[in-house]
Amino acid sequence: AKEKGRNRICFYDPLMQENIEHKTTMEHELRMALSKEELILFYQPQVNLEGKIVGVEALLRWNHPQKGLIPPNTFIPLAEETGLIIPVGSWVLHRACQQLSEWKKDFPHQPLHLSINVSAKQFQEASFYETVANAIALSGSDAGSIKLELTESLILDSIHETIAKIEALRLLGVGFSLDDFGTGYSSLSYLKRLPLDELKIDQSFVRDIGHDNNDAMIVKTIIEMAHNFDLDVIAEGVEDKEQFNFLMENGCGLFQGYLFGKPMPPEELERLFLA
Ligand code: C2E
Ligand code: CA
Ligand code: CA
Ligand code: CA
């Protein structure tokens, strides 16, 4: 009988069960993290051709009391799955806008832009416009200095709704960047119709510029395309001089990556880049 039992298809998978328990625990902890103020924002500099800071991207971290700093890729997918991305995303928008307005006060001569990541699920919410408008109004920050980074996963939505939402926020002055460009499935006709300000070249292409001709070609093409569509283009994941030079020679004007600065706490960014 034991043998038979062993050969039966097993519906109870202890690994899967562990996974579910792990997820449930994490969801609960993430919910608590919001109220316990364990979420924090790091900021990574974005620089121009002269290497001068022109903006920052806000990047979420979870400062877990036991586990330490947890990177977003380990909890954002879960937050999206559970809907927690809505309160988390709203917290990010409020915190980031507040920070921008503090910086504008403390460093009035820095022409600083702030880029904020927005997940598709968050953008799709009926209240998204209001959340953004509120974050801007409450912080007293200048909408024209705020850029929302969207990803190509929005393509699954109705293009008309997407355009209408972007247009409404553009009326406030908010700018839009298409993140991770080249990794998704957006067609050129889609890209042409979206009212964007900037394309962000994904770091997977930037990484191999030096040793992969295809990636170098893709990067060149993206830059050219951005210019044809009258969009700014920023490269992310710039780690060395060779990548920087290649991008510069091919017409890219904005850069972000470890070569210029890692994501860091606000005080460090002030000390190293704003003061
Ligand atoms: P992303 O928006 O594509 O952000 C770029 C990621 O590349 C960041 O990882 C950044 O730390 C990392 N990075 C920057 N420069 C370099 C470099 O030179 N080399 C390498 N290897 N990596 C570099 P991070 O902070 O772990 O964030 C990962 C992803 O999590 C982000 O990818 C974004 O999709 C998501 N994310 C972060 N913050 C938020 C947020 O507030 N809301 C939402 N919805 N997503 C967020
Ligand atoms: Ca981003
Ligand atoms: Ca990216
Ligand atoms: Ca990404």
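The values are calculated or read from the model by the stated rules, or taken from the named source; none is laboratory data. The structure presented is a predicted model; accordingly, all values stated were derived computationally and were not measured. Backbone-built Cβ (ideal geometry, glycine too); neighbour counts: all protein chains shown. Ligands, DNA and RNA are stripped out before the accessible areas are found, and what is left, the full protein with its side chains, is counted by its heavy atoms. Shrake-Rupley method; radii C 1.70, N 1.55, O 1.52, S 1.80 Å.
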Q: Provide the descending list of Cα extents for segment 217-265 along its principal axes, expressed in whole angstroms.
A: 36, 22, 14
Q | For TYR43, residues with placed amide H under 5 Å, excluding near neighbours | A | LEU59, MET264
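Could you state the accessible area per residue of segment 41-109 in Å², with a 1.4 Å probe and every protein chain left in place?
Working: 3100 Å² over 69 residues.
Solvent-accessible surface per residue comes out at 45 Å².
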Q | Binned Cα-Cα distance frequencies in the chain - 10 Å width, integer % | A | 6, 26, 32, 22, 8, 3, 2, 0
Q | Long-range amide H partners of LEU199 with built H, under 5 Å | A | LEU178, ASP232, VAL233, ILE234
Q.
Apply the Karplus curve 6.51 cos²θ - 1.76 cosθ + 1.60, θ = phi - 60°, to the phi angles in segment 186-199 and return the couplings in whole Hz, x for Gly and Pro.
A. 6, 8, 4, 5, 5, 4, 5, 8, 6, x, 9, 10, 8, 10
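Write down the accessible area per residue of segment 171-275 in Å², having rolled a 1.4 Å probe over the full set of protein chains. Show your work: numbers first, answer last.
Values: 5310 Å² over 105 residues.
That works out to 51 Å² for each residue.
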Q | segment 88-190 - Rg (one decimal) and Dmax (whole number), Cα, Å | A | 14.0, 43
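In what sequence, largest accessible area first, do GLU249, GLU18, GLU236 appear using a 1.4 Å probe?
Details: GLU249 150, GLU18 120, GLU236 20 Å².
Sorted descending by solvent-accessible area, the residues read GLU249, GLU18, GLU236.
Where the accessible area of the chain is counted over protein heavy atoms with a 1.4 Å probe, how much of it, in %, is carbon and sulfur? Present the calculation step by step, with values, prior to reporting the outcome.
Numbers: 7780 of 14690 Å².
After summing per-atom areas, the C and S share lands at 53 percent.
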Q: Within 10 Å, count the other beta carbons around each residue, average over each peptide in 256-266, 104-114, 90-100, and list them highest first.
A: 90-100, 256-266, 104-114
Q: Treating the Cα atoms of segment 138-222 as identical point scatterers in vacuum, please give the log10 of the normalised Debye intensity I(q)/I(0) at q = 0.12, 0.13 Å⁻¹, two decimals.
A: -0.43, -0.49
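If you average 1/r over all unlike Cα pairs in segment 153-275 and invert the result, what Kirkwood radius do you get in angstrom?
Result for segment 153-275, one decimal place: 15.7 Å.
Show me the helices of the chain, taken as full DSSP H stretches, that run 15 Å or more along their long axis by Cα and average -0.5 or above in Kyte-Doolittle hydropathy. Intermediate values should be presented prior to the final figure.
On the way: long enough: 14-35 (32 Å, -0.74); 85-106 (31 Å, -0.25); 128-139 (17 Å, 0.91); 159-172 (20 Å, 0.66); 213-228 (22 Å, -0.01).
Length and hydropathy pass: 85-106, 128-139, 159-172, 213-228.
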Q | Bins of 5 Å from zero: percent of alpha-carbon pairs in segment 22-104 | A | 3, 13, 24, 23, 14, 11, 7, 4, 1, 0
Q | Contact order normalised by residue count of segment 211-275, Cα under 8 Å, 6+ apart, percent | A | 30 percent
Q: Straight distance only, please: which lysines reach the Cα of LYS192 with their own Cα at less than 17 Å, same-chain residues fewer than 8 apart left out?
A: LYS165, LYS200
Q: Take every DSSP beta bridge with both residues inside the chain and express the antiparallel ones as a percent of the total, to the nearest 5.
A: 40 percent
Q | Relative contact order %, the chain, counting alpha carbon pairs below 8 Å whose residues are six or more apart | A | 18 percent
Q: Mind checking the full-extension length gain between GLU102 and LEU138? Use 0.36 nm per residue of separation minus the Cα-Cα distance, one decimal, nm.
A: 11.7 nm
